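> Take a look at this one; I'll ask things after.
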Amino acid sequence: MTSPLADETMSAGSPLGMATPADFVPSGSEYPDSYWRSLLYFSGYRLAVATVLLIATAILGQSLLFGSWNRPLFVSGCVAYVVFAAVGFGTIAARRPSFPAQLVIQVSGDVLFIVLLLHASGGISSGLGLLLLANLAAAGIISRGRLTLFFASLASVAVLLEHTYEVLFFYGSYTMYLQAGLLSIGYFATAWLAHALAKRATASERLAAQREVDLASMSQVSQLVMQDMQDGVIVVDAKGVIRQMNARAEELLGPAPKVRDLYLKEYNSGLASRLARWRENPEAGFDPLRTILTQKVTAARFVPVGMRHSQGVVIFIEDLTRIQMQAQQMKLVSLGRLTANIAHEIRNPLSAINHATELLQEEQAENETQRRLLQIIHDNAKRLDRMVQDVLRLNRRDRAVRETFSLGDFLRNFSSQFCEIEKISPEIIRVELSVGANVSFDRSHLNQVMWNLCRNALRYCRRETGSVRVVVRAGTAPGTVELSVIDDGPGIAEPLRAHLFEPFFTTASAGTGLGLYIAREVCDANGASLSYVERAVGAQFTVVMKTV
């Protein structure tokens, strides 16, 4: 499961398919949504100012100082300003013309209309020129510092020209040039401050974009590492919600439900209880965990994320079956070479001993003790010969010649032959076929596996009707079939289950301890798997093989 993760939009041209800081900086006519959104808010501010001036004029009338020189011009200017602000919303929605053009047009319109209202209200002394400070600051921040000094120059020139017009045609005071100059200085100071703040904001955006790229790269690299790990990895937060999970964890513990917030206790209650105990006592040890769905024996290791165990935790799931098999393979590398050589040397003298014993048994023994001793020699010689043959099969387990055949026909023939050779009633073994399937398997290898499993089941079953069941059903994975041998005996004690497939491990006095080990080896050679399945009554061994 991959774990429940948020999807990321990535640029195809950058390393690892990630976005780069250049994607956050406008180039040419391409501006991100944040620029247009800021321009929309600016238009909303403009519309609010124009509407407030118009409403104040309509309500207060002659008592309002604004428009004292030319009230019709002031009212007309407010109406035109409202219309201009409303049209700006439409052009922003259409994003035509380009962003820089719209910004220049709108700020120029602000300068034009505010200076017109200022003129209709008596000039500099009306105080309406202060409205341009907010507009210049907003324009500088929206444009990220571009054209801020141009806008300040435009506003200063407009104010100075308006006052000059008053001096020339309406007997304005020359002393008000000082106030107009101070207002122009305020325009440039505001523009410069907005420019500095915009540069800092742009640098912060670039740094944040770079950090986002780095974090996205690290996240993707960690995902690749997690997916390639041999162990299962589950990331759980402080609330017990699974945040990440690799495919190996699902192979070991079973598929995870596709839900948004999947709690660990809902996915695997046994693992959740161990996590709770670990948080209470980090030094506590745990027995291997067997998963019901996958029949895997696993070990969990908990690593806290942060300084406290109550926070998030990374759970590493180790496949003990794989580790045990690797350890067995390493142990048998040297053992196989030695035993193969010894087995060849033992067979000749062992055959001679067995043959001599048979000749002595044909002669008339002097007493019962002599006959019993000869029988002991004969039985043990046969046991040694069988052990030698099993050892020699270890070197031939990979020589599988697969063939396609009907599993049902094979099992029916095998059942009749097994009952005839073992001299038991055919009713003891019952073949149950819920599906018919053709499998690809080495016929002699499958015969060897079934012979071993059925002989073990016969040894411990009650020898009643249906005491040994050979069940075939569809596998959980697509294109597989499960072949199970089930008996009604006492089952296998829990302490012995971990050693079932170890070489030379046996509980029978006459066994070699190689039967189940060789059966699993030949199953692996044929692309199948052999495992023990826990049952309330009896024992069950299941072979999962591919269908054709």
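The values are calculated or read from the model by the stated rules, or taken from the named source; none is laboratory data. Keep in mind it's a predicted model, so treat the numbers as computed, not measured. Don't worry about glycine lacking a Cβ; one is built from the backbone with ideal geometry, like all the others, and counts go over all protein chains shown.
> Hey, among V213, V225, which residue is under 26 Å from N268 (Cα atoms), among the β-branched types (V, I, T) and not in a loop (DSSP other than H, G, I, E, B)?
Numbers: V213 fails: under 26 Å from N268 (Cα atoms).
That would be V225, the only listed residue that is under 26 Å from N268 (Cα atoms), among the β-branched types (V, I, T) and not in a loop (DSSP other than H, G, I, E, B).
> Which numbered condition trips up A101, out of (1) modelled with pLDDT of 85 or more; (2) aliphatic (A, V, I, L, M); (3) more than 30 Å from A203 (Cβ to Cβ); (4) surrounded by fewer than 16 Cβ atoms within 10 Å (Cβ to Cβ)?
Condition not satisfied by A101: (3).
> Scan segment 259-267 and give yes if some residue there is at pLDDT below 85, out of contact with any His (no Cβ under 9 Å at 6 or more places or on another chain) and not aromatic (F, W, Y), otherwise no. Talk me through it step by step, then tell me what you get.
Of segment 259-267, the ones at pLDDT below 85 are 259-260.
Narrowing further to those that are out of contact with any His (no Cβ under 9 Å at 6 or more places or on another chain): 259-260.
Keeping just the survivors that are not aromatic (F, W, Y) gives 259-260.
Yes, segment 259-267 contains at least one residue that is at pLDDT below 85, out of contact with any His (no Cβ under 9 Å at 6 or more places or on another chain) and not aromatic (F, W, Y).
For (1) of a type in the set (A, V, I, L, M); (2) outside any loop (DSSP other than H, G, I, E, B); (3) in contact with a strand residue (DSSP E or B) (Cβ under 6 Å, 6 or more places away or on another chain), each residue gets a yes or a no:
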residue: R455; (1), (2), (3): no, yes, no
residue: V472; (1), (2), (3): yes, yes, yes
residue: V481; (1), (2), (3): yes, yes, yes
residue: F501; (1), (2), (3): no, no, no
residue: F504; (1), (2), (3): no, no, no
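> Criterion first (assigned to a strand (DSSP E or B) and among the β-branched types (V, I, T)) does I486 satisfy it? Can you show your working first?
Details: assigned to a strand (DSSP E or B): yes; among the β-branched types (V, I, T): yes.
Yes; evaluated as a whole, the condition is true for this residue.
> Right, here's the next one. Any residue in segment 515-540 that's over 17 Å from Q448 (Cα atoms): show its pairings with residues that are among the acidic types (D, E) and crowded, with 22+ Cβ neighbours inside 10 Å at Cβ separation under 6 Å, as long as the two are six or more apart or on different chains.
Cβ pairs passing all conditions: G538/D487; A539/D487.
> Here are some residues: A158, A180, A194. Which one is crowded, with 16+ Cβ neighbours inside 10 Å and more than 19 Å from V104 (Cβ to Cβ)?
Details: A158 fails: more than 19 Å from V104 (Cβ to Cβ); A194 fails: more than 19 Å from V104 (Cβ to Cβ).
Matching residue, one of A158, A180, A194: A180.
> I would also like to ask the following. Kindly list, by first and then second residue, each pair from a residue in segment 114-142 that is more than 21 Å from Q62 (Cα to Cα) to a residue that is of a type in the set (K, R) and at pLDDT 90 or above, limited to pairs with Cβ atoms under 8 Å and residues at least 6 apart or on different chains.
As it stands, the answer is N135/R46, since those pairs meet every condition given.
> Moving on. Can you name every residue in segment 69-98 that is among the basic types (K, R) and either part of a helix (DSSP H, G or I) or modelled with pLDDT of 90 or more (or both)?
Here is the first cut: in segment 69-98, the residues among the basic types (K, R) are 71, 95-96.
Across segment 69-98, the qualifying residue is only R71.
> If you don't mind, there's one more thing I want to ask. Show the residue pairs that are 6+ apart or on different chains and have beta-carbon atoms under 8 Å apart, the first residue being within segment 73-87 and within 24 Å of L103 (Cβ to Cβ) and touching a residue at least 40 places away in the same chain (Cβ under 8 Å), the second being of a type in the set (F, W, Y) and surrounded by fewer than 24 Cβ atoms within 10 Å (Cβ to Cβ).
G77/F113
> Can I ask one more? Would you say V544 is under 34 Å from the mean Cα position of the chain (by Cα) and not in a loop (DSSP other than H, G, I, E, B)? Outline the logic, then answer.
On the way: under 34 Å from the mean Cα position of the chain (by Cα): yes; not in a loop (DSSP other than H, G, I, E, B): yes.
Yes, satisfied.
> Among (1) loosely packed, with under 15 Cβ neighbours inside 10 Å; (2) under 55 Å from the mean Cα position of the chain (by Cα), there is one condition G127 misses while meeting the rest; what is its number?
Result: G127 passes all but (2).
> If you don't mind, another one. From R243, R248, R200, R260, grab the single residue that is assigned to a strand (DSSP E or B) and among the charged types (D, E, K, R). Before you say what the answer is, go through the steps one by one.
Details: R248 fails: assigned to a strand (DSSP E or B); R200 fails: assigned to a strand (DSSP E or B); R260 fails: assigned to a strand (DSSP E or B).
Sole residue among the options that is assigned to a strand (DSSP E or B) and among the charged types (D, E, K, R): R243.
> Any idea which of (1) hydrophobic (A, V, I, L, M, F, W, C); (2) in contact (Cβ under 8 Å) with a residue 24 or more places away in the chain; (3) surrounded by fewer than 19 Cβ atoms within 10 Å (Cβ to Cβ) is the one I492 doesn't satisfy?
Result: I492 passes all but (3).
> For segment 522-544, check the following and say yes or no: at least one residue is crowded, with 16+ Cβ neighbours inside 10 Å, out of contact with any strand residue (DSSP E or B) (no Cβ under 7 Å at 6 or more places or on another chain), outside the structural domain of P255 (by TED's automatic domain parsing) and not aliphatic (A, V, I, L, M).
No - not one qualifying residue is present in segment 522-544.
> Taking the condition of being exposed (fewer than 13 other Cβ atoms within 10 Å of the Cβ) and not hydrophobic (A, V, I, L, M, F, W, C), how many residues in segment 200-227 meet it?
Of the residues in that region, 5 qualify.
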